[in-house]
Amino acid sequence: MKPHREISNLTSLIRKYNRQYYTGNTSDITDAEYDALMNRLLFLERENPELHSDDSPTARVGSAPLSSFSAVIHDPPMLSLSNIFSKEDFLAFHSRIVSELDIDQIGYSVEPKLDGVSLSLVYENSVLARAGTRGDGVRGEDVTDNARTIRSIPLRLNTDQPVNVVVRGEVFFMLEDFKRMNEKRLEAGDSTFANPRNATSGSLRQLDSTLTAGRPLSFIAYASGYYPDDFKTQEEFLKQLADWGFAVNRENQTCHTAGQVISAYDTLVKMRPDLPMEIDGMVIKLNSFSQREEIGFLSRAPRWAAAWKFHAEEMSTTLIGIEVQVGRTGRLTPVARLEPVQVGGVVVTNATLHNQEEVIRKDVRAGDIVLVRRAGDVIPEVVTSLPPEDGIRGKVFEMPEKCPVCNGPVVQPEGEVNLYCINPSCEARIRRSLEHWASRKALDIEGLGKKLCEQLVDAGMVNSIADIYTLNYHELTALERMGELKATKLFAELEKSRGNPLSRFLTGLGIPGVGEVASRDIATEFKNLGALGNASEDELIAVRGIGPVTALSIRRFFANPVTSAAVDQLVKAGFNPTEEDTGKGTTLSGEIIVFTGTLTVPRQEAKQLATAAGAKVTSAITGKTTILVTGENAGSKLKKAEKLGVRIVSEEEFLNSVSH
Ligand code: IVH
């Protein structure tokens, strides 16, 4: 047989078996037979490189290692979900939806919340073109080579049509696969993974995709990046995902009443221990895509969906003692040192006690048996202490009067429960600030982890963030565990970090109340450090998303001689961070727009046009609404707008106004 014929035959056979295996859960051939087909295909492609294509099943064995991941921009952003924790929370969510939609007939898609790592897959002309991790939701890491090694991710959609679609889902380990992998690693003398979730995130972020190929990861699809026009409901879309060759969760179901959702939750809680993968809750999504559009989004999460989280797992153990840690802002936190205990799949040895008030309220003392709780990624905490049988207890805990690290003064600001070390040169504070500066959501400096920050500060080489930019090669290589290669890489990373945008620079400064989202909002508005440093409180409050408390915090930060000197030092070290224009127009800036009725363009598109022109789009008419755009058959919203005197504009007028 001609090689190209044989390659094409083998390719379709292997694709068929992949689909059988991952969607039907049956297989006509044994694993050995499958491997033989794959090996033959690998051989033929190696002999005839011109016949190799990107969507060949052999991509599953991995490709040449990368030196770093490039970035992927998620369009639209990958959102998170708002959490709910009880039946009452769910009923509140439900009644909000019902009242906003003004209908009785409702459908929810309820789906197990898989406890893995989310992944966004871009298909171009039905072929997997790019795969990105969530990252901060807007910008993730390009892990395409790694995704190709995951057998339940189709490299080509099972369709004759050229389909362009963004498919999102979860990468995870089946518990059986995870167990077998750890057993094999143990036999081979390798370290084992603590839990499936961490193993997933580690495996997906390997620069060498042949290593990922050796990890038996799975993928389940549950969403699209946008609502494809051809689908009206999640139910239909899930069916299409399965037809394209994706695995979808077999426990997904559609519910039509609140009662059905609650009983689906109760059932899932009971099934949880017997499921083949780890789940940490149930996701509830409006089934109808047009209803979703009506309900809309908050900045980070849709308002049409919620994650009903399972109760956190709790275990008891002995409290060895209480230590006090000093954070980046100088805050003193009592931390419980515990006899190691497994909680929710990880070994816990420390748990936070938050502050003195909490310690007293919970009355925990050294030597007590305590209940420890851990929920997902959340820091473990001590819930309560259990009364000792013999009634004998340790001393009542008291917060120290001096900073336990620098011995400097400690203050308690008016109206706060927390104590703070106010010495700006406290080693603990510098160490933590540096860790934060280098962290992924801030300047993202690879190689500058917790250990190295500690070494640098302990050795007295670094007394402020800017100091890491004046280190020299000899000083650095003199440190323990710091070889030449590692040092060279670190210098390259530090150099690269100077090119970060203002938003990341701001996140890195760690101004109280200014996290990733606020940093982005502020950076978009002020564009450069000079403008931000000179901004008045009023100008800051005027930024969308920034309230008076955050505005004051920013003003204080730039007015404080110590913190502003730290910024000046960074500028001297070569930082001149700016923020690129997001390309937003201004024709509709300041307008708050609501759409109603049937539009001639997809509603999503209309919204994008409006936002791109600087407007804010909301779903309900309120006193703040400035424009109502009406399509065919506008109903109650039109009446309400008329009553409130809101400006009413036809779809045509609207489209004209944004068309240039
Ligand atoms: S939908 C806009 N469906 O939960 C909604 N998410 O906090 C996007 N997750 O990052 C998510 N199972 O990693 C959705 N069936 C499911 C899910 C699911 C797990 C994760 C996902 C996401 C997080 C949301």
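How about region 109-203: which strands (runs of 3 or more DSSP E) wholly inside it have at least 3 residues that are within 13 Å of the ligand (Cβ to nearest atom)? Spell out the reasoning first.
Details: elements: 117-124, 127-133, 139-141, 165-173.
The strands (runs of 3 or more DSSP E) meeting that bar are 117-124, 165-173.
Return the total of residues in region 50-84 being farther than 16 Å from SER8 by Cβ, modelled with pLDDT of 85 or more and more than 16 Å from the ligand (Cβ to nearest atom).
Of the residues in region 50-84, 4 are farther than 16 Å from SER8 by Cβ, modelled with pLDDT of 85 or more and more than 16 Å from the ligand (Cβ to nearest atom).
Which residues, counting only those in region 611-633, are out of contact with any Asp or Glu (no Cβ under 8 Å at 6 or more places or on another chain) and buried (at least 18 other Cβ atoms within 10 Å of the Cβ)? Full working, then the answer.
First pass over region 611-633, keeping only residues out of contact with any Asp or Glu (no Cβ under 8 Å at 6 or more places or on another chain): 611-613, 617-618, 621-625, 628, 632-633.
Listed by number, the residues that qualify are ALA613, VAL617, ILE621, THR625, LEU628.
Out of the residues in region 282-310 that are part of a strand (DSSP E or B) and of a type in the set (D, E, K, R), state the one that is nearest to the ligand (Cβ to nearest atom). Step through it out loud before you land on a result.
Of all residues in region 282-310, those part of a strand (DSSP E or B) come to 282-286, 288, 297, 302, 305-309.
Narrowing further to those that are of a type in the set (D, E, K, R): 285, 309.
On the way: LYS285: 7, LYS309: 9 Å.
Filtering region 282-310 for residues that are part of a strand (DSSP E or B) and of a type in the set (D, E, K, R), the one nearest to the ligand (Cβ to nearest atom) comes out as LYS285.
Which of the residues that make up region 557-607 are under 30 Å from the mean Cα position of the chain (by Cα), in a loop (DSSP other than H, G, I, E, B) and buried (at least 18 other Cβ atoms within 10 Å of the Cβ)?
PHE575, PRO577, GLU579
Can you say whether PHE246 is part of a loop (DSSP other than H, G, I, E, B), within 13 Å of the ligand (Cβ to nearest atom) and buried (at least 20 other Cβ atoms within 10 Å of the Cβ), as far as the supplied structure shows? Spell out the reasoning first.
Details: part of a loop (DSSP other than H, G, I, E, B): yes; within 13 Å of the ligand (Cβ to nearest atom): yes; buried (at least 20 other Cβ atoms within 10 Å of the Cβ): yes.
It is true that PHE246 is part of a loop (DSSP other than H, G, I, E, B), within 13 Å of the ligand (Cβ to nearest atom) and buried (at least 20 other Cβ atoms within 10 Å of the Cβ).
So VAL269 clears everything in (1) at pLDDT below 90; (2) of a type in the set (A, V, I, L, M); (3) more than 13 Å from the ligand (Cβ to nearest atom) except one condition, right? Which one?
For VAL269, the exception is condition (1).
I need the helices (runs of 4 or more DSSP H) fully contained in region 433-540, keeping only those with at least 3 residues that are of a type in the set (A, V, I, L, M).
Values: elements: 450-458, 473-477, 484-497, 502-509, 516-526, 529-534.
By residue number, 450-458, 484-497, 502-509, 516-526, 529-534.
Among the residues that make up region 219-238, is at least one of them assigned to a loop (DSSP other than H, G, I, E, B), surrounded by 20 or more Cβ atoms within 10 Å (Cβ to Cβ) and of a type in the set (Lys, Arg)?
Looking for residues that are assigned to a loop (DSSP other than H, G, I, E, B), surrounded by 20 or more Cβ atoms within 10 Å (Cβ to Cβ) and of a type in the set (Lys, Arg), one finds none in region 219-238, hence no.
Select from region 265-285 the residues that are touching an Asp or Glu at 6+ places or on another chain (Cβ under 9 Å) and aliphatic (A, V, I, L, M) and write down the one among them that is surrounded by the fewest Cβ atoms within 10 Å (Cβ to Cβ).
MET271
Given the criteria away from the ligand (no atom under 16 Å from the Cβ), modelled with pLDDT of 85 or more and in contact with a helix residue (DSSP H, G or I) (Cβ under 6 Å, 6 or more places away or on another chain), does LEU91 qualify?
Numbers: away from the ligand (no atom under 16 Å from the Cβ): yes; modelled with pLDDT of 85 or more: yes; in contact with a helix residue (DSSP H, G or I) (Cβ under 6 Å, 6 or more places away or on another chain): no.
It is false that LEU91 is away from the ligand (no atom under 16 Å from the Cβ), modelled with pLDDT of 85 or more and in contact with a helix residue (DSSP H, G or I) (Cβ under 6 Å, 6 or more places away or on another chain).
For region 225-233, check the following and say yes or no: at least one residue is within 19 Å of the chain's Cα centre (by Cα) and either within 11 Å of the ligand (Cβ to nearest atom) or in contact (Cβ under 8 Å) with a residue 24 or more places away in the chain (or both). Spell out the reasoning first.
Let us first name the residues in region 225-233 that are within 19 Å of the chain's Cα centre (by Cα), namely 225-226.
Narrowing further to those that are either within 11 Å of the ligand (Cβ to nearest atom) or in contact (Cβ under 8 Å) with a residue 24 or more places away in the chain (or both): 225-226.
Looking through region 225-233, at least one residue is within 19 Å of the chain's Cα centre (by Cα) and either within 11 Å of the ligand (Cβ to nearest atom) or in contact (Cβ under 8 Å) with a residue 24 or more places away in the chain (or both).
Looking at region 285-333 only, could you name the residues that are closer than 27 Å to ARG374 by Cβ, under 23 Å from the mean Cα position of the chain (by Cα) and of a type in the set (Lys, Arg)?
Passing the criteria: LYS285, ARG300, LYS309, ARG328.
Looking at (1) of a type outside the set (Gly, Ala, Ser); (2) more than 15 Å from the chain's Cα centre (by Cα); (3) surrounded by fewer than 20 Cβ atoms within 10 Å (Cβ to Cβ), can you tell me which one LEU128 breaks?
Result: LEU128 passes all but (3).
Go through region 66-85 and report how many residues are closer than 30 Å to ALA492 by Cβ and out of contact with any Ser or Thr (no Cβ under 7 Å at 6 or more places or on another chain).
First, the residues of region 66-85 that are closer than 30 Å to ALA492 by Cβ: 66-75, 77-78.
So of that shortlist, the ones also out of contact with any Ser or Thr (no Cβ under 7 Å at 6 or more places or on another chain) come out as 66-73, 75, 77.
Qualifying residue count for the region: 10.
The values are calculated or read from the model by the stated rules, or taken from the named source; none is laboratory data. Worth saying up front: this structure is predicted, and the values here are computed from it rather than measured. Here Cβ is always computed from backbone atoms with ideal geometry, including for glycine, and neighbour counts include all displayed protein chains.
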